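These notes concern the structure reproduced below.
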Amino acid sequence: MDSHRAGQSKRTKAHGSEDPLERLKLLDAEIRRLTHICALLSWDQETYMPCEAVGERSEQLELLSGLIHDRLTSRKLAGLLRDAGVDEANPMGPAGLPPLQRAFLRELYRSHRRSIRLPRRLVTELARQTAIGQARWAEARKAADFRLFSPHLAAILALVRESASCLGWVEHPYDPLLDEYEPWMRSSQVERVFSGLRPRLTDLVRRIVDSPRKPDTSFLKAVFEPAKQRQFSLRMLRALGYDFQRGRLDESAHPFTTTVGRADVRLTTRYNPKAIASGIFGTIHEAGHGLYELGFGEELAGTLLADGASMGIHESQSRLWENLLGRSLPFWRRFFPELQGLFPEALGGIGVEEFYRGINAVEASLIRVEADEVTYNLHILARFELEKRLIAGQLEVEELPAAWNEQYGSLLGVVPPDDAQGVLQDIHWSMGSFGYFPTYALGNLYAAQFYHTLRRDLSGLDEHLLRGEFAPILAWLREKVHRLGRSVPAAELCRQATGAELDPAFLLDYLESKYAGIYGL
Ligand code: ZN
């Protein structure tokens, strides 16, 4: 109540203010509210909306997106930024401003610049082509025939390449695309990190594949009643510290987290009756995203700084909970008896160590979203390589299926039998989302580096897990990562939290040691 009243009085005062910074904050707050309304409409579309409403819903979302775009590109915003002392030479405004205000100006200027550089014609044409492209992609995937999608992908790629040149770049045309998801990072930096990852990772996968010791996974595919899976998901979320007064859990075809406001962060998951792991780890993954969104500092509330530092940092939070904590043995020593209690027929005769090995089974497979934590990054390395070549004009769309299969052959030692299990498996390119894939692998790398530091800073991490005590872990993440939101760029955040630059050695050390135990390497 009190904070609500305080907010009101501040707003009244700022209305009459001539201070450009105060007026920019009001404008940003309005953009945030529109963004949150869009999020609610999209959440509803994925969960409860009747299917025939899809046409009207897309018009509603188009209207709101237009309103946001108008505000971001407005002369009013441009003028206020100028009055606040922000320009090309001073993208964070005058040096004397407090750090949080400089971060606010930096992020607002960044959004504004990206928006004005893309002509409206290009934005609407891309929206139109990707709407068609997604439908054609779905058909092509169903028919396992890339040729049905190829001309549409070529049209989308041409528009994306045009966007990259409008946005501008210095080193590589991929950079401005990557920048949308991983601000301030260049593809040369990603290359450096990935090239440190590749040799040790491919070697580890080879040793695992060659190991005669194979975990049993058959018991994970017994029958698991969805209602009981939901019961276990809710139990997990409460234990992890997810606040149901400020969130909820629903079901959708693809799990996601959406933020409708600082007190409204919603998760979805899915329950496959024949695959228990998909629901459990889907829920824990989204909980990691949700806890991040719920943990932004009070001082950032309602501003564009109440957001993830980057997609990679966001993904680090979901992967840390899902894999590094959620797939660990101490975690399951605590929770497996409860899971067994819910599913005595399927899991009654299974020991916790057998369960642990089962949920950590590694397989060089064809499908990214089903990949384990060891092979996952190889799926990303393949996509990153192909995307860069497409964007640079070094690879034609018709050559893509063959290039895809070649990448999978050399990185994972598997070759897709058809396009559906190969180049057509992901929706991203049909949506024009080039530059997104690397953030998944960056998330895994950041997660391992945070986990290493967490283990160092918090004595007795395993004992906490054995007792199901997550509050000290969450408190560490809140302090080092969550509360900062977008006020600190990802690279700086990583340095501050861990004392080191992003380094693939943390993930490699973690994987090599964990899987040596499971596979007897
Ligand atoms: Zn995620």
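Taken together, the values in this text are just the output of simple stated rules run on the coordinates, not laboratory data. On a predicted model such as this, the values are computed, not experimentally measured, just so you know. Every residue, glycine as well, gets a Cβ built from its backbone with ideal geometry; the counts of neighbours run over all protein chains shown.
Annotation: the residues Cys38, Cys494, sorted from fewest to most other C-beta atoms within 10 Å of their own C-beta, follow the order Cys38, Cys494. Global dimensions of region 256-376 from alpha-carbon coordinates: Rg and Dmax equal 16.5, 52 Å.
Per-residue extension of 0.36 nm, minus the Cα-Cα distance of Glu18 and Arg248, leaves a gain of 78.7 nm for this segment. Along the axis of the charge dipole computed for the chain (Cβ charges of +1 for Lys and Arg, -1 for Asp and Glu, origin at the Cα centre), the listed residues Gln407, Trp137, Ala275 are led at the positive end by Ala275.
What the phi angles of region 325-335 give under the Karplus curve with 6.51, -1.76 and 1.60, with θ = phi - 60°, is a coupling list of 9, x, 10, 9, 5, x, 4, 7, 4, 6, 9 Hz, glycine and proline written as x. Counted by Cβ distance under 14 Å from Arg75, the other residues give a net charge of +2, where Lys and Arg count +1 and Asp and Glu count -1.
Selection among Leu197, Pro151, Phe224 by position relative to the dipole of region 141-226 gives Phe224 as farthest towards the positive end (Cβ unit charges, Cα centre). Phi angles across region 174-179 convert, under the Karplus curve 6.51 cos²θ - 1.76 cosθ + 1.60 with θ = phi - 60°, into 3J(HN,Hα) values of 6, 4, x, 6, 4, 4 Hz, Gly and Pro given as x. Footprinting exposure proxy ranking of Glu180, Glu315, fewest other C-beta atoms within 10 angstrom first, gives Glu180, Glu315.
Spin-label pair Ala505-Arg192: with each label point 7 Å from Cα along the Cα-Cβ axis, the two points sit 1.5 nm from one another. Remark: region 62-73, residue by residue, has Karplus-estimated 3J(HN,Hα) of 5, 4, 5, 4, x, 5, 5, 4, 4, 5, 5, 9 Hz, where x stands for each Gly or Pro and the curve is 6.51 cos²θ - 1.76 cosθ + 1.60 at θ = phi - 60°.
Amide hydrogen proximity for Asp426: with H placed 1.01 Å from N in the peptide plane, no residue at 5 or more positions away or on another chain lies under 5 Å. Each Lys or Arg adds one and each Asp or Glu takes one away; over the other residues whose Cβ falls under 12 Å from the Cβ of Cys38, this sums to +1.
Kindly state, to the nearest 0.05, the FRET efficiency for Leu64 paired with Arg213, given R0 = 51 Å and r defined as their beta-carbon distance.
Once the sixth-power term is evaluated, E becomes 0.40.
Extension gain, Glu469 to Arg121, is 120.0 nm, computed as 0.36 nm per intervening residue step minus the present C-alpha separation. A Förster radius of 41 Å, combined with the Cβ-Cβ distance separating Lys274 from Arg82, puts the computed FRET efficiency at roughly 0.10.
For the chain, the Cα gyration tensor yields ellipsoid semi-axes of 37, 29, 23 Å (square root of five times each eigenvalue, largest first, whole Å).
Note on Lys514: lysines with a C-alpha under 28 Å away, same-chain residues under 8 apart excluded, are Lys214, Lys221, Lys274, Lys480.
Could you estimate the translational diffusion coefficient of region 389-495 from the Stokes-Einstein equation, with Rh from the Kirkwood formula over C-alpha pairs, at 25 °C and 0.890 mPa s, in whole µm²/s? Don't jump to the answer; show the numbers that get you there.
Values: Rh = 17.6 Å.
D, rounded to a whole number, is 140 µm²/s.
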